[in-house]
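Undergrad: This is the structure I have questions about; it appears just below.
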Amino acid sequence: MNSNGCARDMIDEENARFEGITSRHKDSKGGLIPILHEVQELYGYLPDSAFVRISKTCNIPLSEIYGVATFYSFFSLKPKGKYEISVCMGTACYVKGAGRILDRIREELDIDVGDCTEDGKFSLSACRCLGACGLAPVIKVNEQVHGRLALADVSEVLNQYE
Amino acid sequence: MKTNAQIEEIRRDTFSELIIRKGRKADAETPVKHVMVCAGTGCTSSNSEEIISRLRVQIEKHGLGETVKVVQTGCLGLCAKGPIVIVHPDDCMYTMVTPEDVSEIVESHLVGGTPVTRLSEGDSQVVKDFFNKQMRVALRNCGLIDPENIDEYIAFDGYKALAAVLSEMSPSDVIQTVKTSGLRGRGGAGFSTGTKWEFASKNEAERKYVCCNADEGDPGAFMDRSILEGDPHSVIEAMAIAGYAIGSNQGYIYVRAEYPIAVHRLKIAISQARNYGLLGRNILDSGFDFDVDIRLGAGAFVCGEETALMASIEGKRGEPRVRPPFPAEKGLWQEPTILNNVETLANVAPILLNGAEWFADLGTLKSKGTKVFAIGGKIANTGLVEIPMGTTLREIVYEIGGGIPGGKAFKAAQTGGPSGGCIPAKHIDAPIDYESLIELGSMMGSGGLIVMDEDTCMVDIAKFFLEFTVDESCGKCTPCRVGTRMMYDILDKITQGNGTEKDLDELERYARVITKTSLCALGQTAPNPVLSTLKYFREEYIAHIKEKRCPAGVCKQLIVYAIDPEKCTGCGLCKKNCAFGAISGEKKAPHAIDPEKCVKCGMCLTKCKFGAVTTK
């Protein structure tokens, strides 16, 4: 099979999963938020085209879907980097210097919160309490948690990711 | 589907197997051991999963598979010393265990019978102090059972209260018991739980709902997460009891999507309860139907407010609405609904099993029972504690919490998160209960307790909380949307050194308006962190304004980096690392920082090995 065939298979599979999500929830009460959760899990973010499709399949106005998606900070309308850095800005982390850690990462990567590096490698977000207050200050890179972080450790942690 | 008799049998059998966890010695014939490894979020983040898998491999390797059982438990509370491993029945607690320690634990302790004192003795006093003053009601099973195994929950009287309620009590008996116990909502406001149930029960609508608020939004609080991770069935059982009391057949748990372990364990717990017929149709052959579904939150703090939470379950933007009508009258999908917090629900089964009087005897005159706190910030033993209401802040900070690290002085404790306030050192002997915290200008909140020392700037903390509320304000009402931003701008101005004394009057004026006119509790309480820091630490605001000085050395614009020539060895490390060429000096001679070039990035401070870089 040539590479185009492979890509087409992937798109077909994504489409099938997408349809599965919408058909599972479209008739259930309050199904829109579960749909957005699952679609974001599928694509890593919520692309514009997904809004249009959800709107058509579930018969919900586009404006309403957009309104809900932008209300909640968990939903992202921009693609994420290969490595998603979340800096915990809970109070326990903040009093232990999370603000300075965030500044340092911003400087190191030269991006702002909510953005992605040009090469698509890292994206940066400041998140609410991760609940690992015993390890404050904490950052999470994808699912990997780095705790008890000192300012001087920042570049070393980032360098671990290829 | 199981009958009540079958559930009783499971309880007896599993309990006799688990009794060694309650300090009972196993008999010499069968040297059974249970190795409990904390798999809460904190310990998982420090690699407890790897510890569990290595333990299992090593135990098999030594042929101990029949007698030694490895159990992953919920949070034990002492997160600062995690990962934690406990061996029963030897009552031996290992702290700060690494995967590399596993083979020694297996070979020396489990095979050889000699505990590894290197891992148990260093912190033994800390462990003793930490647990000594605690009383575990809501956290009764956290760390004691495997949260993914319903039989272990049943073994320690799980679902016994539900069975008793369904067979022996009328809905109004249940409500009366909860009312008499004095249980009040643990989510913040402290409303009587029994009274809330009574309102909903009196409504004769055909459909009613029971909702559980597990959208723990207070930054720095993780009580509810720990209960869901360590003992999810306690919440499910209580929801079924609440359903019976008010006449509802459907419950929803609204839980943060940011808590993947809690969501995973809840899903397992719900499906196990359904399999046993403890959820679903005709529970324990009583004719009562009840089921529970999970709804994921999506990162909006305002959804902790009850009407906003219900809008979110309905699939809408989580915006609050005017009350009345209260949810007990018109809630989810316009039907009568009760909303209880996770910790509140975790108290319900023990109250019904032990009686209202037992619970009412705990705590203070108006605040009954215990309260779980997540203690964090500048404190030695960060973690989760459950104490009887009325315990003093001093006991929490210095006895249970082990004091402030580095010999620093206690400055204040913040309770109630962005809706609460701080309690300064002069009130450290105040008892912790609903009323006395309100009197001090703070509030109980959901249970976050952040300790601050002399290096914490109170103006900066007030700004931190305001930034949070500005960000999380849903925007529906003007006082909250615009007012909190106006307060934030003033605080920002002050921390930049551009504030005036008139600004403090303005802050207080805005606070009054926002408190009085906001639509929901998010806005009404948003000014509290500013008001309480102004009340107790006004001199710090004045120092920022008049002297252009941040006494704690935090506010970036007001601090100056300098090198102490006495301590500087002239190693040149700071100069090499300064990206802005602000540091000069000859090798082996004291260096100096040019304040004109310095951008206050703090790199020199982190690089200096001699503590020669100072901020003032």
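Undergrad: Can you find, among B:Gly406, B:Leu440, B:Pro424, the residue sitting farthest towards the positive end of the charge dipole of the stretch B:370-453, where Lys and Arg contribute +1 and Asp and Glu -1 at Cβ?
TA: Of the candidates, B:Gly406 comes out farthest on the positive side.
Undergrad: How many times 2.2 N^0.38 Å is the alpha carbon radius of gyration of the stretch B:560-615?
TA: 0.94
Undergrad: Under the classification rounded if a/c is under 1.5, otherwise prolate if a/b is larger than b/c and oblate if not, where does chain B fall, given a ≥ b ≥ c as square roots of the Cα gyration tensor eigenvalues?
TA: Here chain B falls in the oblate category.
Undergrad: How much accessible surface does B:Lys61 have with a 1.4 Å probe, in Å² rounded to 10?
TA: That residue has around 140 Å² of solvent-accessible surface.
Undergrad: Continuing with this model, one more query. Residues of the stretch B:579-606 losing 20 Å² or more of accessible area relative to the isolated chain, 1.4 Å probe, heavy atoms only?
TA: B:Cys601, B:Met603, B:Thr606
Undergrad: Filter the chymotrypsin sites (Phe, Trp or Tyr not before Pro) in the stretch B:361-417 down to the DSSP loop ones having no more than 14 other Cβ atoms within 10 Å, then list what survives.
TA: On the way: sites: B:Phe373, B:Tyr398, B:Phe410; in loops: none.
Listed in order of number, the matching sites amount to none.
Undergrad: Need one number: % antiparallel among DSSP beta bridges in the protein assembly as shown, to the nearest 5. Don't jump to the answer; show the numbers that get you there.
TA: Values: 38 of 71 bridges.
If we restrict to bridges inside the protein assembly as shown, about 55 percent are antiparallel.
Undergrad: Hey, can you grab everything whose amide H is under 5 Å from the amide H of B:Tyr252? Only 5+ residues off in sequence or another chain; H modelled, so Pro and N-termini drop out.
TA: B:Val210, B:Cys211, B:Cys212, B:Asp293
Undergrad: Using the structure shown, list the pairs from B:Lys587/B:Lys616; A:Lys140/B:Lys597; B:Lys133/B:Lys426; B:Lys368/B:Lys463; B:Lys493/B:Lys600 with a Cα-Cα distance above 30 Å, or answer none.
TA: Working: B:Lys587/B:Lys616 25 Å; A:Lys140/B:Lys597 33 Å; B:Lys133/B:Lys426 22 Å; B:Lys368/B:Lys463 34 Å; B:Lys493/B:Lys600 18 Å.
Flagged as over cut-off: A:Lys140/B:Lys597; B:Lys368/B:Lys463.
Undergrad: Which residues' amide hydrogens lie under 5 Å from the amide hydrogen of B:Lys33, considering only partners 5 or more residues apart or on another chain, with H built in the peptide plane?
TA: B:Val68, B:Lys69
Undergrad: Compute the long axis of helix B:193-202 from its Cα atoms, compare it with the longest principal axis of the Cα atoms of chain B, and write down the angle in degrees, 0 to 90, nearest 10.
TA: Rounded to the nearest ten degrees, it is 50.
Undergrad: Let me check I've understood the local charge: for B:Ser367, count other residues with C-beta under 13 angstrom from its C-beta, Lys and Arg +1, Asp and Glu -1. What total comes out?
TA: Neighbourhood net charge equals +1.
Undergrad: Checking buried surface per residue: for the stretch B:301-317, which residues lose a minimum of 20 Å² accessible area in the protein assembly relative to the chain alone (1.4 Å probe)?
TA: B:Ser312, B:Gly315, B:Lys316, B:Arg317
Undergrad: I'd like the interface area for chains B and A: accessible area of each alone minus the complex, both sides summed, 1.4 Å probe, protein heavy atoms only. What is it in Å² to the nearest 100?
TA: 3700
Undergrad: Of A:Ser73, A:Ser23, B:Gln134, which is farthest along the charge dipole of the protein assembly as shown in the positive direction, counting Lys and Arg as +1 and Asp and Glu as -1 at C-beta?
TA: The residue sitting most towards the positive pole is A:Ser73.
Undergrad: Same structure again: Given only helices, namely DSSP H runs of n ≥ 4 each adding -39500 (n - 2.57), what is the per-residue ellipticity at 222 nm of chain B, to the nearest 500 deg cm²/dmol?
TA: -11000 deg cm²/dmol
Undergrad: Follow-up question, since we're still on this one. For the protein assembly as shown, what is the accessible area per residue in Å² when the probe is 1.4 Å?
TA: The answer is 41 Å² per residue.
Undergrad: How long is the stretch A:1-135 along each principal axis, judged by its Cα atoms, biggest number first, in Å?
TA: That gives 47, 44, 27 Å along the principal axes, largest extent first.
Undergrad: When the Cα atoms of the stretch A:12-74 are enclosed in a convex hull and the volume is divided per residue, what value in Å³ results?
TA: 77
Undergrad: Quote the charge dipole size of chain B about the Cα centre in Debye, to the nearest 20; the model charges only the Cβ of Lys and Arg (+1) and of Asp and Glu (-1).
TA: Details: 71 positive and 79 negative charges, 365 e Å.
That gives chain B a dipole magnitude of about 1760 debye.
Undergrad: Along the stretch B:480-492, what does the Karplus equation 6.51 cos²θ - 1.76 cosθ + 1.60 (θ = phi - 60°) give for ³J(HN,Hα), rounded to whole Hz, x for Gly and Pro?
TA: Going residue by residue, I get 6, 5, 8, x, 5, 5, 5, 5, 4, 4, 5, 4, 5 Hz, with x marking Gly and Pro.
Undergrad: Now a separate question. Could you pull out every residue, at least 5 positions away or on a different chain, whose amide H is within less than 5 Å of the one on B:Arg184? Hs are placed 1.01 Å off N in the peptide plane, and Pro or chain starts have none.
TA: HN-HN under 5 Å from B:Arg184: B:Thr193, B:Lys368.
Undergrad: Can you pull out the GluC sites (Glu not before Pro) in the stretch B:86-141 that DSSP calls coil and that have at most 15 other Cβ atoms within 10 Å?
TA: For GluC sites (Glu not before Pro) across the stretch B:86-141 that sit outside H, G, I, E and B with at most 15 neighbouring Cβ atoms in 10 Å, the list reads B:Glu121.
Undergrad: If you wrap the protein assembly as shown's Cα atoms in a convex hull and average its projection over all directions, what's the area in nm²?
TA: 37.0
Undergrad: Something else now. What lysines sit close enough to A:Lys26 to cross-link, taking a C-alpha to C-alpha distance under 22 Å and skipping anything fewer than 8 places away on the same chain?
TA: By straight Cα distance, A:Lys26 reaches A:Lys56, B:Lys267, B:Lys316.
Undergrad: Determine the share of the stretch A:3-71's accessible area contributed by carbon and sulfur atoms, expressed in whole percent, with a 1.4 angstrom probe.
TA: Numbers: 1980 of 3930 Å².
Carbon-and-sulfur percentage of accessible area, whole number: 50.
Undergrad: While we're on this one: Identify the trypsin sites (Lys or Arg not before Pro) of the stretch B:255-317 meeting these criteria: DSSP loop state and at most 14 other C-beta atoms within 10 Å of the C-beta.
TA: Here the sparse-neighbourhood loop sites are B:Arg281.
Undergrad: Something else now. Give me the percent of DSSP beta bridges within chain B that run antiparallel, rounded to the nearest 5. Numbers along the way, then the final one.
TA: Details: 31 of 58 bridges.
Here the antiparallel bridges make up roughly 55 percent for chain B.
Undergrad: Mind listing the phi-derived Karplus ³J(HN,Hα) values for the stretch A:141-154, rounded to whole Hz, using 6.51, -1.76 and 1.60 with θ = phi - 60°, and x for any glycine or proline?
TA: For the stretch A:141-154, the Karplus-derived couplings read 10, 6, 9, 7, 9, 10, x, 6, 7, 9, 3, 5, 7, 4 Hz, x marking Gly and Pro.
Undergrad: Using protein chains only and a probe of 1.4 angstrom, how many square angstrom of B:Thr364 are accessible, to the nearest 10?
TA: Surface accessible to solvent at B:Thr364 totals approximately 40 Å².
Undergrad: Using a 1.4 Å probe on the protein heavy atoms only, what accessible surface does A:Glu108 show? Give it in Å² to the nearest 10.
TA: 90
Undergrad: Here's a follow-up. Provide the per-residue ³J(HN,Hα) series for the stretch A:24-29, in order, calculated from phi with Karplus coefficients 6.51, -1.76, 1.60 and θ = phi - 60°, each as a whole number of Hz, with x at glycine and proline positions.
TA: 5, 9, 5, 9, 8, 5
Undergrad: When the accessible area of the stretch B:455-534 is split by element with a 1.4 Å probe, what percent falls to carbon and sulfur?
TA: The nonpolar share, carbon plus sulfur, comes to 48 percent.
Undergrad: How large is the convex hull of the C-alpha atoms of the stretch B:31-130 per residue, in Å³? Spell out each step's value before the answer.
TA: Details: hull volume 8.2 nm³, N = 100.
Output value, Cα hull per residue: 82 Å³.
The values are calculated or read from the model by the stated rules, or taken from the named source; none is laboratory data. All of these numbers come straight from a predicted model, not from anything done at the bench. Because the Cβ atoms are built from the backbone with ideal geometry, glycine has one as well, and the counts that use them run over all protein chains shown. All accessible areas refer to the heavy atoms of the entire protein, side chains included, with ligands and DNA or RNA removed. Shrake-Rupley method; radii C 1.70, N 1.55, O 1.52, S 1.80 Å.
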